[in-house]
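> Structure in structure tokens, see below.
The values are calculated or read from the model by the stated rules, or taken from the named source; none is laboratory data. These numbers were taken from a predicted model, which means no experiment stands behind them. For neighbour counting, all protein chains shown are included, and Cβ atoms are generated from backbone atoms with ideal geometry for every residue, glycine included.
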4 protein chains.
Amino acid sequence: MLSPVQAVEGLDAGSGQESIFKDIRDTVLGITRKYDRAYWLQCAKEGRFTVESWQAMCDAGLMGLSIPEQYGGMGESLTGLIMMQDLLSRAGTPNLLLVVTGLARVPLVKHGTPEQIERYVVPTVSGKKRICFAITEPDAGTNTFKIKTHARQTRDGWELSGQKVFISCAEDADFIMVVARTRPAQDGDARKQGISLFMVDARAKGIEKQKLNINVAGPDRQYMVFFDNVKVDKDALIGPEGDGLRCLFDGLNPERLLTAACSVGIGDYALARTVQYVNSRAPFGQPLGAYQGVQHPMARAKAHIDGARITMYEACRTFDAGGDAGRASNTAKLLASEAAVEACDAAIQFHGGYGFDADYDVITLWPFARLLKVAPVNNEIILNYIGQHVLGMPKSY
Amino acid sequence: MLSPVQAVEGLDAGSGQESIFKDIRDTVLGITRKYDRAYWLQCAKEGRFTVESWQAMCDAGLMGLSIPEQYGGMGESLTGLIMMQDLLSRAGTPNLLLVVTGLARVPLVKHGTPEQIERYVVPTVSGKKRICFAITEPDAGTNTFKIKTHARQTRDGWELSGQKVFISCAEDADFIMVVARTRPAQDGDARKQGISLFMVDARAKGIEKQKLNINVAGPDRQYMVFFDNVKVDKDALIGPEGDGLRCLFDGLNPERLLTAACSVGIGDYALARTVQYVNSRAPFGQPLGAYQGVQHPMARAKAHIDGARITMYEACRTFDAGGDAGRASNTAKLLASEAAVEACDAAIQFHGGYGFDADYDVITLWPFARLLKVAPVNNEIILNYIGQHVLGMPKSY
Amino acid sequence: MLSPVQAVEGLDAGSGQESIFKDIRDTVLGITRKYDRAYWLQCAKEGRFTVESWQAMCDAGLMGLSIPEQYGGMGESLTGLIMMQDLLSRAGTPNLLLVVTGLARVPLVKHGTPEQIERYVVPTVSGKKRICFAITEPDAGTNTFKIKTHARQTRDGWELSGQKVFISCAEDADFIMVVARTRPAQDGDARKQGISLFMVDARAKGIEKQKLNINVAGPDRQYMVFFDNVKVDKDALIGPEGDGLRCLFDGLNPERLLTAACSVGIGDYALARTVQYVNSRAPFGQPLGAYQGVQHPMARAKAHIDGARITMYEACRTFDAGGDAGRASNTAKLLASEAAVEACDAAIQFHGGYGFDADYDVITLWPFARLLKVAPVNNEIILNYIGQHVLGMPKSY
Amino acid sequence: MLSPVQAVEGLDAGSGQESIFKDIRDTVLGITRKYDRAYWLQCAKEGRFTVESWQAMCDAGLMGLSIPEQYGGMGESLTGLIMMQDLLSRAGTPNLLLVVTGLARVPLVKHGTPEQIERYVVPTVSGKKRICFAITEPDAGTNTFKIKTHARQTRDGWELSGQKVFISCAEDADFIMVVARTRPAQDGDARKQGISLFMVDARAKGIEKQKLNINVAGPDRQYMVFFDNVKVDKDALIGPEGDGLRCLFDGLNPERLLTAACSVGIGDYALARTVQYVNSRAPFGQPLGAYQGVQHPMARAKAHIDGARITMYEACRTFDAGGDAGRASNTAKLLASEAAVEACDAAIQFHGGYGFDADYDVITLWPFARLLKVAPVNNEIILNYIGQHVLGMPKSY
């Protein structure tokens, strides 16, 4: 059977194999042919979201990937969703809204009531609504237990106040999934309690968004979001009050994998562009690509990308089979983000001075790839996870 | 379904899942509990092959892995064979004879006559006979087209003369698969012609074996083997005369994967031993393992091992499905050999001075792991493969 | 005696040592306190050269470093010039015009007539004139022998035509030192002949400058410069006609060292900023800087910077003593550029999401540091030099 | 003036320069021509110390380097001593006894009485006596404050008991400098007190030496040394009682630098051997050294070695000038040990299978080089030093 890796790489040429992965691939490639890197860069330049390509994905049914069929989805396949991100990124058009959507829909589908799923998830499949996600706070950083944004219960629902940072696509979303305290912080094991998930109307009164000056080329912008006594109704609480972290937990692996897919995809894109360049440029007589000083670093980067991609789809397979995908997801995120940076760095080096000319769109690749070593979680945290949970070493922080 | 990776890592605890991979795992672990690292080191010290553990593997049917059932095997699953090597190595007992056996049996099964399979392959399943493999020559190095060992056709068969180097287990094998010229070397595409495969009695007249002074701890020794007009019968020629390289080709991916399995296995063994050490040693109060200066390099090595292992089993899956496993096999070999060295290096560093004391059996791990960046093929050749055949860059050598 | 390294690092506190290096240091620091990183960023934002700080350096006599006293300079000390660049960069204000000035003045002083030195060099000491340098061409890349810009001898002088790329500060210079063919290209050893150096009025008729869209934060902009039958007088030819490459050669080591100084300086600046951040931020209770996962990569980067800086000043010592500084200069350039990128990468990683916010001025550091692995010559060329000229290996390209 | 770096590299050919560094170089090279790598390996094979070459160094006056002239030395030049070790190692004959001698003589010369210097130091210059050094203990590891070996004051002197590990050359020395508690351990700043230095007759009653099974090729063997109520006279105490760590401190930088010299020297030796090999071997037509896949890693290793060597001599210069050499010494030790391993690893890789054959003496180089990342102090401790004392970050352990 065609594996997702093979489908992505197009290794099925002439095999006549039928496969859902091949269908997804062909559909995504149809969209990226129309909404290509040039379109993506144009949106970035105009400072606007890639509305048209997003809607095209919805129209093609792709946003139904990972959503149960009863809600109009294509079934609970994370693999398909990851393939979509992988292929978008391989075309030079990664999508950060897809990361947060993929994350947020997991607790919604798993812990939401049918009404909540109808209200918050179903419209994301058709494209009528978009969701973003707000967890990080200026002082808490990667330590979620320290968040201060809080929701106070009122007669009609809740009132949220606090401040979130690095919120991708906040201006382009209709709903923000907000992680907020509903009880004061406690120590020890109890610290995992008291945090809840809310779906907040992104245009509600009391919300203010401030665009950050993030130096990463792309149409997805990041925001500081302020919540000042924002009123939300009772139905906005997803899952049990105080148990939000546990609900959220199921979405962390998809989130890591959706960023891993951005990484391996953009890495491949960078390499493909560079192969083209070094195979044609020949200042010393033979093509630059014929020198091992050029070819070996690129081959090494490709090996790292391929290993990361295969690891990523193994994590998807485990996730889709209901297993614990934590180990493979964390490993994939680490390997993918490092491989992508390695590839983009090689792209810069082997384009020489042109590597820094924005008109050549090479230097523009690096910050995006580099960001994924830090977001959505930095690689030190990943190493801590592997050290503790895979190798069985003591907590180090 | 339990994946081979999960089976190897024992991630099926309490799952009640039935799986062939679980069976293989349990069988191998039963053997390594009896024939453990201490046994392996003792054989190394005595300079003898691990006869007992090899026979135990045969008796348990494991040597039938990858062999069709009609020849008494367990079916054509490379995955199972790789798992065996992986698990042996994770127990600190990798087996180089398994590499060359796994390699040599591929062309035998695919291109041999039923009589040849009966004669050469079937006894390897029961353990009555063992096979080693001789291709490398002192002057040719990694350039197989330059080999000079030649076979001259006689009335009764062939006469072989030449010299081979780095032949693992030559003294412990009953047959040597020898790669020899049957026609003079030619240039261009024709250079692929004129080389043939022979099965030679390892104790035939005219064969001399000289043990090399290889500084790698282990019971598998390497030899220089001289062939001086060695007579072999007609039946010794495997596949068509002059077409040996093509026949051999099918075995190269299994060979790369069998060494990749040694790598990831020994890497895990080194890490496991080191975790034990750094979790218990605490010269500054808390365990060494609680410092990120120790934990992060180990976690990083583990991530690289896991990525390489998953890639290796993806290659197996492709191979077992009849696909082209070249890409994933080469990538797995590269990633695995680098990860193993990284792990063994961390083991040395974090054992401090004890890392160099042979009685602690840590320094003894490194040369074996390091060898696999050079053998059976060096990683520069792998990078050339990826550069040319995956990325589409020009030949660089 | 206080070494330049110690002077730069301020390790002379309370030593009462007198030293020219200390004087240079104190003078430069006086200037960078006034014209600091904020000033430098403001110039970058306004797209203008750092005119005020440049003039302040001239007024303080610093631009007389490396210029013989008879021409109003401070004597032929490359060391002092490098210290200036090092200290400017450590303050976050590296200067690329200083690189090209430092390069161009070497052949001028060594091969120019007294009148030419009076005309082209002396005004650079006072600041009345500024020089930039034009060698690279779109098709030739790092292979200077392939340049096509040519000068045709006329009755009154020469006429230049051609195209140059990546010319730093072309709009801010009064003179451009142009490398141009005066005879057709030849093969073999003769290929070193036929290229000449010209000093061209940057505002001469026939010169057109096109700003490149270089994505590197800083006040120094790069240009494509077109020369269309630009007339220059006889006196514009520096050194013997056809022997320009040899004349230029003496300036290559200073050029490498002036960029190495940018590298080590900006690396130190990045680390200093990051130390401040990680020593104060403590999301998990203790400062981030107390975790070895943070501290060790930073310490490693610092070790690499210090080794590169010491190597750089050793090269200066050799140069100032009239020795062959090629070996140490190339090594310093390689080590410095890699160390700077390592430091800036650590700065990004340990600032987390803020590392990508331009308002935090961390992501802004990286492209500048990264550029120095490619400019003025890429590190592959440096490795070729070391391989051939230090290790005695064959030419590889 | 010829710098030590230039002298070591032989860059003074035909310069006619006179220099003490040139004299030292020529003297050492005279000795290594006679007592070369083959001699060194032969001693290693016989399990004996390099008595003849050591005596030749003494006879040539080289062991008087770093010893004041009034005691028959050549003056207090650490630079010269380091050059000797560097050159010995570049010839493939590093000397670990030189490391411990160089370390132990510093507190002896600085804190010993004239009688003690006469007794313990002067005979080391002539070669009549040899000194080794014992600090590390099995449980204390790198935490010297935790040592348990103690000296009890008696009427006639002291009685020592305890256990030391990794003691180089214990069987070949006449005296052992032993670090022992003379007062119980305390906490806080007081923990630096209570440790004293003793010179113990290596053949005294109560001393037992047990050779360790250290897997590092070389004539210098390591021992576990047991002290069981060993009686030493009053005169054996060096420096003030209880203040041994402070006295010892002055010797730590020379110790780091003497091992750094082993590293850069052996690294150069490995590269030189490999250049010879890859320049002559040509399985694919042109020499292996002409491929950038071979040449670039070697050039990179050479650059790292050269940067480390220059840093090492800068530390010597500072030390000899009476300055604080801690920073440069630690940096040199880190850079040198990593560069040496990089070079030896390249040597292995590019020798292919022969890299593992002990008869080719390539695999034999690695463990020695690798040891120096752990001994005399591991590189993590060096990183801690740089993090805290150079960068100003918090203590991390």
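> Only one of these is within 18 Å of the chain's Cα centre (by Cα), in the same structural domain as residue B:10 (by TED's automatic domain parsing) and touching a residue at least 24 places away in the same chain (Cβ under 8 Å): B:122, B:99. Name it.
Working: B:122 fails: within 18 Å of the chain's Cα centre (by Cα).
Step by step, each of B:122, B:99 is checked, and only B:99 is within 18 Å of the chain's Cα centre (by Cα), in the same structural domain as residue B:10 (by TED's automatic domain parsing) and touching a residue at least 24 places away in the same chain (Cβ under 8 Å).
> Looking at D:323, D:293, can you tell me which residue is within 11 Å of another protein chain (Cβ to nearest Cβ) and at pLDDT below 95?
D:323
> Do you know which residues across the stretch A:192-217 are within 14 Å of chain C (Cβ to nearest Cβ) and of a type in the set (Lys, Arg)?
Passing the criteria: only A:211.
> Of the residues C:79, C:101, C:93, which is in a loop (DSSP other than H, G, I, E, B) and buried (at least 21 other Cβ atoms within 10 Å of the Cβ)?
Numbers: C:79 fails: in a loop (DSSP other than H, G, I, E, B); C:101 fails: in a loop (DSSP other than H, G, I, E, B).
Answer to the check: C:93.
> When residues of the stretch A:38-54 are filtered for being surrounded by 15 or more Cβ atoms within 10 Å (Cβ to Cβ) and under 18 Å from the mean Cα position of the chain (by Cα), how many remain? Give the derivation first.
Within the stretch A:38-54, the subset surrounded by 15 or more Cβ atoms within 10 Å (Cβ to Cβ) is A:39-41, A:43-44, A:49-50, A:53-54.
Next, from what is left, pick out any that are under 18 Å from the mean Cα position of the chain (by Cα): A:40, A:44, A:49-50, A:53-54.
The qualifying residues number 6.
> Looking only at residues in the stretch C:20-56 that are of a type in the set (Ser, Thr, Tyr) and assigned to a helix (DSSP H, G or I), which one is nearest to residue C:77 (Cα to Cα)?
It comes out as C:27.
> If you don't mind, another one. Quick test for you: out of D:272, D:303, pick the one residue that is in a helix (DSSP H, G or I) and surrounded by 24 or more Cβ atoms within 10 Å (Cβ to Cβ).
That would be D:303, the only listed residue that is in a helix (DSSP H, G or I) and surrounded by 24 or more Cβ atoms within 10 Å (Cβ to Cβ).
> Looking at the stretch B:310-320, which of its residues are out of contact with any Pro (no Cβ under 9 Å at 6 or more places or on another chain), charged (D, E, K, R) and within 9 Å of chain A (Cβ to nearest Cβ)?
B:314
> Name the one entry in A:6, A:70 that is within 23 Å of residue A:106 (Cα to Cα) and out of contact with any Lys or Arg (no Cβ under 8 Å at 6 or more places or on another chain).
Answer to the check: A:70.
> Also, I was wondering about something else. In this structure, does residue D:267 turn out to be in contact with a His (Cβ under 6 Å, 6 or more places away or on another chain) and either buried (at least 24 other Cβ atoms within 10 Å of the Cβ) or in a loop (DSSP other than H, G, I, E, B) (or both)?
no
> Quick one: in the stretch A:104-126, of everything that is out of contact with any Gly (no Cβ under 6 Å at 6 or more places or on another chain) and under 22 Å from residue A:375 (Cβ atoms), which residue is surrounded by the most Cβ atoms within 10 Å (Cβ to Cβ)?
A:104
> Determine which member of the set B:291, B:313 is assigned by TED's automatic domain parsing to the domain that holds residue B:349, touching a residue at least 60 places away in the same chain (Cβ under 8 Å) and either aromatic (Phe, Trp, Tyr) or under 26 Å from residue C:290 (Cα atoms) (or both).
Being assigned by TED's automatic domain parsing to the domain that holds residue B:349, touching a residue at least 60 places away in the same chain (Cβ under 8 Å) and either aromatic (Phe, Trp, Tyr) or under 26 Å from residue C:290 (Cα atoms) (or both) holds for just one of B:291, B:313, which is B:313.
> A further question on this structure: Tally up the residues in the stretch C:365-397 that are under 19 Å from the mean Cα position of the chain (by Cα), free of Cβ contacts under 8 Å to residues at least 12 places away in the same chain and either closer than 22 Å to residue D:9 by Cα or within 10 Å of chain D (Cβ to nearest Cβ) (or both), please.
Qualifying residue count for the region: 1.
Yes/no matrix, rows are residues, columns are (1) surrounded by fewer than 23 Cβ atoms within 10 Å (Cβ to Cβ); (2) modelled with pLDDT under 95; (3) not in a strand (DSSP E or B):
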| position | (1), (2), (3) |
| --- | --- |
| D:198 | no, no, no |
| D:204 | yes, no, yes |
| D:210 | yes, no, no |
| D:219 | no, no, yes |
| D:224 | yes, no, no |
| D:228 | yes, no, no |
| D:231 | yes, no, no |
| D:235 | yes, yes, yes |
| D:240 | yes, no, yes |
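> Has the stretch D:189-210 got at least one residue that is of a type in the set (S, T, N, Q), under 30 Å from residue B:366 (Cβ atoms) and touching a strand residue (DSSP E or B) at 6+ places or on another chain (Cβ under 6 Å)? Lay out the reasoning, then the answer.
Step one: list which residues in the stretch D:189-210 are of a type in the set (S, T, N, Q), which gives D:193, D:196, D:210.
Of the ones still in play, those that are also under 30 Å from residue B:366 (Cβ atoms) are D:210.
Now drop any that are not touching a strand residue (DSSP E or B) at 6+ places or on another chain (Cβ under 6 Å), which leaves D:210.
Within the stretch D:189-210, one or more residues are of a type in the set (S, T, N, Q), under 30 Å from residue B:366 (Cβ atoms) and touching a strand residue (DSSP E or B) at 6+ places or on another chain (Cβ under 6 Å).
> Ok, one more. Does residue D:73 fit the bill of being in a loop (DSSP other than H, G, I, E, B) and in contact (Cβ under 8 Å) with a residue 12 or more places away in the chain?
Working: in a loop (DSSP other than H, G, I, E, B): yes; in contact (Cβ under 8 Å) with a residue 12 or more places away in the chain: yes.
Spelling it out, residue D:73 is indeed in a loop (DSSP other than H, G, I, E, B) and in contact (Cβ under 8 Å) with a residue 12 or more places away in the chain.
> Give the stretch D:132-157 a look and list any residue that's of a type in the set (Asp, Glu) and surrounded by fewer than 20 Cβ atoms within 10 Å (Cβ to Cβ), or say none.
Scanning the stretch D:132-157 gives D:139, D:156.
> Further question on the same structure: Exactly one condition in (1) assigned to a loop (DSSP other than H, G, I, E, B); (2) out of contact with any Gly (no Cβ under 7 Å at 6 or more places or on another chain); (3) of a type outside the set (Lys, Arg); (4) in contact (Cβ under 8 Å) with a residue 12 or more places away in the chain is not met by residue A:145; state its number.
For residue A:145, the failing item is (1).
> I've got another one for you. For residues in the stretch B:378-390 being surrounded by fewer than 23 Cβ atoms within 10 Å (Cβ to Cβ) and among the hydrophobic types (A, V, I, L, M, F, W, C), which is nearest to residue D:215 (Cα to Cα)?
Looking at the filtered set, the residue picked out is B:381.
> Only one of (1) over 25 Å from residue D:299 (Cβ atoms); (2) among the polar types (S, T, N, Q); (3) within 11 Å of another protein chain (Cβ to nearest Cβ) is not met by residue A:274, so which one is it?
Going through (1) over 25 Å from residue D:299 (Cβ atoms); (2) among the polar types (S, T, N, Q); (3) within 11 Å of another protein chain (Cβ to nearest Cβ) one by one, residue A:274 breaks only (1).
> Still on this structure, please answer the following. Among what's in the stretch A:277-288 and is within 14 Å of chain D (Cβ to nearest Cβ) and without any contact (Cβ under 8 Å) to a residue 60 or more places away in the chain, pick the residue that is farthest from residue B:307 (Cα to Cα).
The qualifying residue farthest from residue B:307 (Cα to Cα) is A:284.
> For the list (1) within 30 Å of residue D:76 (Cα to Cα); (2) out of contact with any strand residue (DSSP E or B) (no Cβ under 6 Å at 6 or more places or on another chain); (3) of a type in the set (S, T, N, Q), I need the number of the one condition that residue D:168 fails.
(2)
> What tally of residues in the stretch A:249-264 results from selecting those that are surrounded by fewer than 24 Cβ atoms within 10 Å (Cβ to Cβ) and either within 14 Å of chain D (Cβ to nearest Cβ) or within 29 Å of residue B:336 (Cβ to Cβ) (or both)?
Selection size over the stretch A:249-264: 2.
> Step by step: first the residues of the stretch D:2-45, then only those that are more than 19 Å from residue D:269 (Cβ to Cβ) and touching a residue at least 60 places away in the same chain (Cβ under 8 Å), then the one that is nearest to the other protein chains (Cβ to nearest Cβ). Which residue is that?
The selected residue is D:3.
> How many residues does the stretch C:325-364 contain that are outside any helix (DSSP H, G or I) and either in contact with a helix residue (DSSP H, G or I) (Cβ under 7 Å, 6 or more places away or on another chain) or in contact (Cβ under 8 Å) with a residue 12 or more places away in the chain (or both)? Step through it out loud before you land on a result.
Here is the first cut: in the stretch C:325-364, the residues outside any helix (DSSP H, G or I) are C:325, C:351, C:357, C:361-364.
Going one step further and asking which of them are either in contact with a helix residue (DSSP H, G or I) (Cβ under 7 Å, 6 or more places away or on another chain) or in contact (Cβ under 8 Å) with a residue 12 or more places away in the chain (or both), we end up with C:325, C:351, C:361-364.
Residues flagged as outside any helix (DSSP H, G or I) and either in contact with a helix residue (DSSP H, G or I) (Cβ under 7 Å, 6 or more places away or on another chain) or in contact (Cβ under 8 Å) with a residue 12 or more places away in the chain (or both) within the stretch C:325-364 amount to 6.
> Now a separate question. Yes or no: residue D:129 modelled with pLDDT of 95 or more and either surrounded by fewer than 18 Cβ atoms within 10 Å (Cβ to Cβ) or more than 30 Å from residue D:69 (Cβ to Cβ) (or both)?
Yes; evaluated as a whole, the condition is true for this residue.
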